[in-house]
1. Can you compute the FRET efficiency between Lys87 and Thr219 using 1/(1 + (r/R0)^6), with r the Cβ-Cβ distance and R0 = 41 Å? Round to the nearest 0.05.
2. Kindly express, to the nearest 10 degrees and within the range 0 to 90, the angle between helix 238-262's C-alpha long axis and the longest C-alpha principal axis of the chain.
3. Students often get this wrong, so check it: of Lys49/Lys137; Lys126/Lys208; Lys41/Lys208; Lys41/Lys223; Lys137/Lys208; Lys14/Lys89, which have C-alpha atoms separated by over 25 Å?
4. Could you tell me what a quarter of the Cα convex hull surface of the range 165-263 works out to, in nm² with one decimal place?
5. Just the number, please: Stokes-Einstein D of the chain in µm²/s, Kirkwood Rh from C-alpha pairs, 10 °C, 1.306 mPa s.
6. Under a cut-off of 20 Å between alpha-carbon atoms, report the lysines in cross-link reach of Lys130, not counting same-chain residues fewer than 8 places apart.
7. Using a basic spin-label model with each label point 7 Å from the Cα along Cα→Cβ, how many nm lie between Arg226 and Gln142?
8. Where the centre of each part is set by its Cα atoms, how far does the range 192-263 sit from the range 51-92, in angstrom?
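The values are calculated or read from the model by the stated rules, or taken from the named source; none is laboratory data. For clarity, every value in this text was computed on a predicted model and none was experimentally measured. Cβ sites come from the backbone with ideal geometry, for glycine too, and all protein chains shown count toward neighbours. These accessible areas exclude ligands, DNA and RNA; they are computed on the full protein's heavy atoms, side chains included. Shrake-Rupley method; radii C 1.70, N 1.55, O 1.52, S 1.80 Å.
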Amino acid sequence: YMDIINKELWDTAKFSSVAAFVEVMGGQPIDRWKTNSQLHKNDRMPFIKLIRSGPRTLYAGLSTCLGYSCLFYFPSIYILENVWDKKYKKNDGYLDSLNKCLFVSSFISTGVSWFEGVKTDQQVNKLQNKNIFQITKKRYAQYRMTGIMPAYYSTFAREFCYCSGLLLLSPVIANKLETGNSYINHFVGGGIAGLISQSISQPFDTIKTRQEKYKVTITDVIKYMRRNENWLVLWNGGLARCIRGIWSVSCMSLMHHCLQNYW
């Protein structure tokens with residue numbers, strides 16, 4: 001029995017890692033666009049300049065994102081989902097599914113906050129030549145644990161929305177679609193779920209990015225917005241993030257479905 005469980009977990013990690021590689025390679029430039037849009041006005045790079053800056057800028061932080069997504073993020077999400085379904089699942093109701101999303105997001109948010117902070121430093125703090133360990137060492141020396149996990153609570157809120165889209169909305173929508181092709185169902189279902197979850201979580205992501213860039217608290221971010229901007233800035237980068245979310249959840253839902261069937 002344990003051998004069967006271990007094989008299932010290994011297969012889950014393997015499928016999600018391969019799918020994550022495709023997701024990152026397609027989504028990283030969109031993520032760079034999104035992050036740039038969320039900064040203070042004076043720190044943003046004009047969109048045309050960003051596009052013309054070339055792969056070095058658009059793919060800043062790529063190695064961190066590949067390691068993070070392929071070895072930690074998506075494998076952890078799907079493995080924790082598998083653990084929940086095997087050990088804690090009570091029924092097929094929506095409340096139980098939401099509890100699963102809380103379970104998954106609470107476990108992954110610590111690691112996500114670390115990786116995302118490093119990625120933001122590589123993208124917008126001119127540290128693309130530094131690796132994850134060099135940046136972590138520098139962050140810890142300056143800010144202690146706050147530097148390693150600069151935005152845990154905003155990250156947790158964002159991840160709960162994302163996990164709800166990937167693990168709850170996506171399969172529900174896919175099962176309700178009747179295109180006659182299960183792959184199309186998963187791709188379209190993932191896209192719709194990604195659009196919804198990213199739209200809801202956008203304010204948390206903007207706050208998270210600013211915490212990582214400027215090394216401030218959630219309260220500091222909100223105070224600055226209230227005094228110097230307006231609340232619409234919480235949705236800065238929303239278009240890019242929705243495009244990334246549609247790509248991300250569609251890609252993971254479709255590829256995970258394909259790999260499960262053919263690997």
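1. Computed FRET efficiency for Lys87 and Thr219: 0.65.
2. In the chain, helix 238-262 runs at an angle near 30 degrees to the longest axis.
3. Lys49/Lys137
4. Averaged projected hull area, Cα only: 7.6 nm².
5. 84 µm²/s
6. Within the straight-line limit of under 20 Å, Lys130 reaches these lysines: Lys119, Lys138, Lys213, Lys215.
7. Distance between the two pseudo-spin positions: 2.7 nm.
8. Spelled out, the Cα-based centre of one part sits 14 Å from the other.
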